[in-house]
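Structure, as structure tokens:
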Amino acid sequence: MTDDSGFTDVPQTESVPKKRARLSIVWIIPILAAVVGIGIAVQQHLSEGPAIRIAFRSAEGVEAGKTSIKYKEIEIGKVTGVNLSKDYSRILVTAKMEKSAEGLLVKDARFWIVKPRVTLSGVSGIGTLLSGNYIRFEPGKSREEGHDFVGLEIPPPATSGLPGREFVLRSDTLGSLGIGSPVYYRRLNVGQVISYGLAEDGKSVYIRIFLNAPFDRFVTSNTQFWEASGFDLSVGASGLTVQTESLLSLLVGGIAFETPASSAGNNAVADNAVFPLSSDRATALSPREVDAERYALYFRGSLRGLSVGAPVDFLGLPVGEVTGIFLAYAPGERSLRTRVEIVTYPHRLFVPRGKRDATTGRSTPITERRGFMQRQVAEMGLRAQLRSASLISGQLFVALDYFPDAPEAKIDWKRTPPAFPVVPGEMENLLANLRSLLGKLDKVPVEEIGNDARKAISALDRTLVRLEGETLPEAKKSLETLDRTLQSANRTLERVDGEIVPEAKKTLEELRRAIASAERVMSNTDNTFLGPDAPGRQELRDALREIARAARAVRGLADYLERNPNALIRGKTREKF
Amino acid sequence: MTRVPLTGAAAKIVLCKVCGLLSRPSGPSMPGRCPRCGDPAVLRQRDPIQRTWALVIAAAICYLPANVLPVMTTQTLRSVVPTTIIGGVVRLYADGSWVLALIVLVASVMIPLVKLVALAYLLITVQLRSDRYGRERVRLHRMLKVIGRWSMLDVFVATFSVALVQLRPYMTVVPGSGVLFFTAVVILTIFAADTFDPRLIWDPGKTRGEDD
């Protein structure tokens, strides 16, 4: 601090060595940056969830960095890598889970890939169409933590965790059902199909359904399920039937159920109880067929138009159906004949004594029932007959009816199925009648008749020749007589002309004169009233003039009213011009 | 450098940085204000090295998250894609526009890094009182001040994207926290380059003690 300025006389200020600030306040900036940076790093580290590995057989649509893992439609993780396993048989999907989902990752947690499903019954499926496939997560019940999982190939019941119960339906075919197909109860969507498969024996299909909680209790031991699949169009002996449950089920199929109100013994059922699945509502709700009685019918005629499932009617009421149509060898006749097997439901035919409830036919003793049928057949003439249900479709059905004139027959209960006596069908009857008619016609001696006819004609010919020889001259004579008669008539008329006509002339002359005088009288009258100077006419003219004037006034009033309709109410006001 | 050049401190004359008026400070420890424009007269910034160091270190700290954290996050219906600066460069390069990739790489990654390294080099050499390459170091400092603001390009792009791409719900771009750190890096390096006093470079050539 040397003072080399020129002002030496100015006292020097005291020089206080400044305390050097060792640490500048600027250091706050890097410290702040460090604190923020470390804070973010720590937060990042803490919020980082566990990494998991899921093995899939195929990872369709799974992309690293894009595919998310969702639970209850919320993203809880993200796929970070998709790799082949070491033995190249599987796909290993590594994923980073959210910190919050850490507790969910237990050993039996399930993962599966949700693919777009075009069944219309699931909105989630529509979501994947836009967002792509994602991996769905469902927590398990285990308490053990897990980080390696095996992904499911087919989605598990999408309903785990929801209150409700599962049931199993047995059906011959799957129909148009699929996973997610709705289950209806009184047209409410109350559940869905969660899986299906072939039964072990391969003879039926089982369909697992899930019913949501409040509705599962409507399933009792008597509940009937049927396929409400889409669109059921059937042409049967009973005509054209179209049946559908709802528009949705029309597209994706569905199942409906109902518990018949009348059925007794509505017991609660356990989970996974098995029910039969009927093909339609009518079948499902028809009373349970407990004792079916089978019969064989042997017909002579053609069975064209008869199909398995055709109804068996009794007086127009369905009492059973055709279960089979076969050819059978008749040993006695050394020929083939047709055998139709039918099943009838005796409780519909037979009302046990003292009991009026037809739906509880299961307690009827078989002997009583059979005795009743035997009496009907033997005494009353109950027979089976093939009838045409519709002339257009040509469908046939089996009718049971009384034919008192039918030859005597009995049911042989020893054979299985017992043969039920038949009578020829209506068509058959018609044909038989025709045939006998033709046979009779055949016997008619046409040739002889022709010969006779020829003989008759020649005889006629001879008669005519004779007629010509004998009758014509007679006729000539008659004609001449007629001529004479006409001539005399002519003369009579000429006389009338000469004597009566002049008289008439005179009469006409007088008439003409009378008319002329009448004319004169009339013209006089004319002059009095209508002549140009007639007083009547003058008065008439005046009257007409008066009327014309009045009419003019009325027209004026009408015009005025038309222009000023309010004058009717307010009266005439001074017009402004 | 045999002859010591006259400095303002030695001549007891201070130059106002705003209006350019030369004036005598009222005292060495209390320079006072410029008599014309009232700006505080400053002979030398206090603790220039320490201040610069602080800013450089802060920038270096921020440089790490700026490159690790996403600068922006693109949300589409399908996905949420966070993009870091390097990720953006890689994507641009993969898409074929390598010129853009190069520009972004240079402007956003290289320049801040170069600035940090260069400032550190200048500070270290000053602290070592090195008197070699004085002229080159001054040129380097001048260059740092010029290129500094170009790094704001990336921030600019991010801001624009965020403001323009708001096609809810189909696509949106939200800023990531990386862009904050990146901005901090750029601003801190600009300040650091500003705070660094190039006169320190040639200070070793004269007697020390004037920069109090």
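Starting from residues that are β-branched (Val, Ile, Thr) and within 20 Å of residue A:323 (Cα to Cα), keep the ones in the range A:387-429 and report whichever is modelled with the lowest pLDDT.
First, pick out the residues of the range A:387-429 that are β-branched (Val, Ile, Thr): A:392, A:398, A:411, A:416, A:422-423.
After this cut, where a residue has to be within 20 Å of residue A:323 (Cα to Cα) as well, the list is A:398, A:411, A:416, A:422-423.
Details: A:398: 87, A:411: 82, A:416: 76, A:422: 84, A:423: 83.
So, considering only residues that are β-branched (Val, Ile, Thr) and within 20 Å of residue A:323 (Cα to Cα), the one modelled with the lowest pLDDT is A:416.
Considering only the range A:186-195, I want to know if a residue exists there that is more than 27 Å from the chain's Cα centre (by Cα), over 15 Å from residue A:162 (Cβ atoms) and of a type outside the set (D, E, K, R).
There is at least one residue in the range A:186-195 that is more than 27 Å from the chain's Cα centre (by Cα), over 15 Å from residue A:162 (Cβ atoms) and of a type outside the set (D, E, K, R).
Every residue in the range B:72-90 that is more than 10 Å from chain A (Cβ to nearest Cβ), touching a residue at least 12 places away in the same chain (Cβ under 8 Å) and open to solvent by 50 Å² or more (accessible area, probe 1.4 Å), please.
Correct list: B:75, B:86.
Confirm whether residue B:91 is closer than 30 Å to residue A:74 by Cβ and assigned to a helix (DSSP H, G or I).
yes
Please pick out the residue among B:154, B:131 that is in the same structural domain as residue B:61 (by TED's automatic domain parsing), acidic (Asp, Glu) and under 18 Å from residue B:67 (Cα atoms). Can you show your working first?
Details: B:131 fails: under 18 Å from residue B:67 (Cα atoms).
Result of the check over B:154, B:131: B:154.
Would you confirm whether any residue within the range B:157-177 is open to solvent by 40 Å² or more (accessible area, probe 1.4 Å), away from every other protein chain (no Cβ under 14 Å) and more than 24 Å from residue B:76 (Cβ to Cβ)?
Within the range B:157-177, not a single residue is open to solvent by 40 Å² or more (accessible area, probe 1.4 Å), away from every other protein chain (no Cβ under 14 Å) and more than 24 Å from residue B:76 (Cβ to Cβ).
I need the full set of residues from the range A:180-225 which are surrounded by fewer than 16 Cβ atoms within 10 Å (Cβ to Cβ) and of a type in the set (Asp, Glu), in order please.
A:200, A:201
Pick from the range B:36-71 the residues that are more than 9 Å from chain A (Cβ to nearest Cβ), assigned to a loop (DSSP other than H, G, I, E, B) and at pLDDT below 80: which of them is least open to solvent (accessible area, probe 1.4 Å)?
That would be B:41.
Go through A:410, A:476 for me and flag whichever is touching a helix residue (DSSP H, G or I) at 6+ places or on another chain (Cβ under 8 Å), open to solvent by 100 Å² or more (accessible area, probe 1.4 Å), of a type outside the set (A, V, I, L, M) and without any contact (Cβ under 8 Å) to a residue 40 or more places away in the chain.
A:410
Got a sec? Which of A:415, A:454, A:387 is closer than 22 Å to residue A:318 by Cβ and basic (Lys, Arg)?
After ruling out the rest, the residue left standing is A:387.
Please go through the range A:65-102 and pick out each residue that is over 19 Å from residue A:153 (Cβ atoms), out of contact with any Pro (no Cβ under 9 Å at 6 or more places or on another chain) and open to solvent by 60 Å² or more (accessible area, probe 1.4 Å).
A:66, A:72, A:73, A:74, A:75, A:80, A:86, A:98, A:100, listed by residue number.
Applying the selection to the range A:41-71, what residues are farther than 14 Å from residue A:98 by Cα, of a type in the set (A, V, I, L, M, F, W, C) and either within 49 Å of the chain's Cα centre (by Cα) or modelled with pLDDT under 85 (or both)?
Of everything in the range A:41-71, those that are farther than 14 Å from residue A:98 by Cα, of a type in the set (A, V, I, L, M, F, W, C) and either within 49 Å of the chain's Cα centre (by Cα) or modelled with pLDDT under 85 (or both) turn out to be A:41, A:54, A:55, A:56, A:59, A:62, A:64.
For the structure I just gave you, tell me whether residue B:191 is in contact with a Cys (Cβ under 8 Å, 6 or more places away or on another chain), in the same structural domain as residue B:76 (by TED's automatic domain parsing) and either open to solvent by 30 Å² or more (accessible area, probe 1.4 Å) or under 16 Å from residue B:72 (Cβ atoms) (or both).
no
The values are calculated or read from the model by the stated rules, or taken from the named source; none is laboratory data. Bear in mind that the values here come from a model prediction, so they are computed numbers and not experimental data. Methodologically, a virtual Cβ is constructed for each residue, glycine included, from the backbone with ideal geometry; neighbour enumeration extends over all protein chains shown. What goes into the accessible areas is simple: the full protein's heavy atoms, side chains included, and nothing from ligands, DNA or RNA. Shrake-Rupley method; radii C 1.70, N 1.55, O 1.52, S 1.80 Å.
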